[in-house]
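**Student:** Before I ask anything, here is the structure I am working with.
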Amino acid sequence: MPQTTNRFFDEIAKLMTDATGAAQGVRGEIDNLVRSQAERVLRDLDLVQREEFEAMKAMGQKAREENAKLEKRIGELERALSRFGEGGADPSADTDPPAGPQTGAAATGQ
């Protein structure tokens, strides 16, 4: 009888091992199925990828910085314009003339 009992337990152990392997295979198949379905749903939602988001975030930051610089420059120009309006001074007198080709006496040094 001990031989029969050992054989019975050996068969049960073999059956459990096979069942465990089959369960792991089913689990792998389910994982793959769930993953592919999740990826399909995310694609259908038209979500942005992380790399694209980071690129747009950097572009937005650069645009905000440029906007701040332009706002500061506009403020400076508005102040200069208001001083011109109040004092009657020529604002172009504060700036250098534009560089370019000179003609006539200025070009020849006479």
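The values are calculated or read from the model by the stated rules, or taken from the named source; none is laboratory data. It should be emphasised that the depicted structure is a prediction, and the values quoted were computed from it without experimental measurement. With ideal geometry, Cβ positions are generated from the backbone for all residues, glycine too; neighbour counts draw on all protein chains shown.
**Student:** Return yes when Leu81 is part of a helix (DSSP H, G or I), surrounded by 10 or more Cβ atoms within 10 Å (Cβ to Cβ) and modelled with pLDDT under 85 and no when it is not. First the steps, then the outcome.
**Tutor:** Working: part of a helix (DSSP H, G or I): yes; surrounded by 10 or more Cβ atoms within 10 Å (Cβ to Cβ): yes; modelled with pLDDT under 85: no.
Criteria not met by Leu81.
**Student:** Next question, about the same structure. Whether any residue in the range 23-34 is at pLDDT below 85 and among the acidic types (Asp, Glu) is what I want to check.
**Tutor:** no
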